[in-house]
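The values are calculated or read from the model by the stated rules, or taken from the named source; none is laboratory data. If you're wondering where the values come from, they're calculated on a predicted model, not measured in any experiment. Glycine gets a Cβ as well: all are built from the backbone with ideal geometry, and neighbour counts include every protein chain shown. Heavy atoms of the whole protein, side chains included, go into the accessibility calculation; ligands, DNA and RNA do not. Shrake-Rupley method; radii C 1.70, N 1.55, O 1.52, S 1.80 Å.
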Amino acid sequence: MSYPLFYDSVTACDECDLLHRIPPLKSGERFKCIRCGHVLISVHEHVKGRIFGTGCSSLLMLAFALAFPFLGFSSSGAERSITLFNIVSVLINQDYLILSAIISLALFVFPIAYLLAVIFLVWSFDNHHVSMAIKRYFTRWVIVIQPWLMVDVFLVGTLVALVKMDSLADIELGLSFWAFCAYVLLLLKTISLVDRRWFWNQLAGHGPDHLIVKPPVLEKSALAKSITAKQQELIGCHFCGATLLGTAFHCSRCGHSIHSRRPHSLTGTIAFLIASVIMFIPANVFPIMQTTFLGGNEPSTIMGGVLLLWSLGSYPVALVIFLASVVIPLVKMLSLSWLCWQCYYPTERETMQKIRLYRITELVGRWSMIDIFVVAVLTGLVQMGELMSILPGPAVLSFTSVIILTMLAAMVFDPRLLWDKNEGSVMPSSQEKKE
Ligand SMILES: [Zn+2]
Ligand SMILES: [Zn+2]
């Protein structure tokens, strides 16, 4: 049995709330918001088969990555080889339970759950005996955990750790390192193929669940005049992209609570920002890593580590850590504060510039985890007792909380508020933008 690529006829942009009539989409086409350029739908060619293929291959590569040695390390005649599991087990043995839990979630638990859910869903779209409640549960799970998949950041963190250790020891890349690289690339490809709106459309099918806004309302809504969902007393579900009547409290397709604008968005963002600023102080004052070398103990803070690398001539690594650990968190906190300010007291500056700033803030935030992963990899790898060993410092947890808090601040922020102050700037064009 074959299905149309897309059933929804109308959707509101997640970032600017503009209502769009969805044209019939062909395989391989993308549909973008005409006002802010946000990609609303991308229907990839042979998407089910490709998701199934990349998802299964990614899991297979992860199995290989777990089976063989990940990295080898030798210095002054002492040798050590570790698997990916060793990184977690060393942290557990040294009583860094929270850090080991974060590494396990980011590297294994979330990606495996994500891949299994995506593969199951793609299979279940053509199998109608699978209960709708189960499909709905898995689709929600896929959307919730996707921002927390950080295997690519971990890979870059591992490379930084290798460059850092290069002058002190001989490092050998194990078979599992290459399998891990393949796992990361295949997982990223799978993520790029998963389109939220397309998934919900396939899940709901052409059944009653799908007729969310009844046709008479659609006819009355002046879609041709480029108008927002709020102006039409409609609500765009930010979770599944359905368009609902303004009187609804829950989305009839995904079950998520719906609001024209996210309630307490600005106060929530500001609260997360204040918490992250507070945590940023211990994150920079206390050491993030403790190195024991020939019996001597050398704790180093984030900035101390950057300055040391710079003085040793490792300019690219010093720059990467400085950008990821100092510049990105600071810029993110400042940008989000400025965006909140703009929602209360908008300036003449173009809303599109503010939206671009918001998108960059959302995109780069998780890359701050590089330094945490560097410390975790080095802790797993360098355990030679008094000769040389590395342990995480007390700043690791406060710095991780800074990253998580700023990510939550960006997620809670509702970019539609930026447009509300400039409703006059709605574009007159009614042309749908297709690629
Ligand atoms: Zn938009
Ligand atoms: Zn929904």
Only one of 396, 320, 375 is open to solvent by 50 Å² or more (accessible area, probe 1.4 Å), of a type in the set (Val, Ile, Thr) and not assigned by TED's automatic domain parsing to the domain that holds residue 97; which?
320
So which of 12, 78, 67 ends up being within 30 Å of residue 421 (Cβ to Cβ) and in contact (Cβ under 8 Å) with a residue 40 or more places away in the chain?
12
Would you mind finding the one in 370, 288, 355 that is crowded, with 19+ Cβ neighbours inside 10 Å, more than 18 Å from the chain's Cα centre (by Cα) and of a type in the set (Val, Ile, Thr)?
288
Could you say which residue among 35, 50, 80, 30 is of a type outside the set (Asp, Glu), touching a Cys at 6+ places or on another chain (Cβ under 9 Å) and more than 16 Å from ligand 2 (Cβ to nearest atom)?
35
Scanning the stretch 70-115 for residues that are surrounded by 17 or more Cβ atoms within 10 Å (Cβ to Cβ) and in contact with an Asp or Glu (Cβ under 9 Å, 6 or more places away or on another chain), the one farthest from residue 194 (Cα to Cα) turns out to be 73
Looking at the stretch 223-269, which of the residues that are over 16 Å from residue 18 (Cα atoms) and in a strand (DSSP E or B) is most open to solvent (accessible area, probe 1.4 Å)?
250
Of those in the stretch 17-66 that are in a strand (DSSP E or B) and surrounded by fewer than 17 Cβ atoms within 10 Å (Cβ to Cβ), the residue nearest to the chain's Cα centre (by Cα) is 39
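On the basis of being among the small types (Gly, Ala, Ser), under 21 Å from residue 381 (Cα atoms) and either modelled with pLDDT of 90 or more or surrounded by fewer than 19 Cβ atoms within 10 Å (Cβ to Cβ) (or both), does residue 313 make the cut?
no
In this structure, is residue 89 closer than 20 Å to residue 389 by Cα and among the small types (Gly, Ala, Ser)?
Details: closer than 20 Å to residue 389 by Cα: yes; among the small types (Gly, Ala, Ser): yes.
Taking the combined requirement at face value, the residue satisfies it.
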So which residues in the stretch 38-59 are within 16 Å of ligand 1 (Cβ to nearest atom) and either in contact with an Asp or Glu (Cβ under 7 Å, 6 or more places away or on another chain) or in contact (Cβ under 8 Å) with a residue 24 or more places away in the chain (or both)?
38, 40, 41, 42
Restricted to the stretch 141-180 and to residues being aromatic (Phe, Trp, Tyr) and within 16 Å of the chain's Cα centre (by Cα), the residue farthest from residue 239 (Cα to Cα) is 154
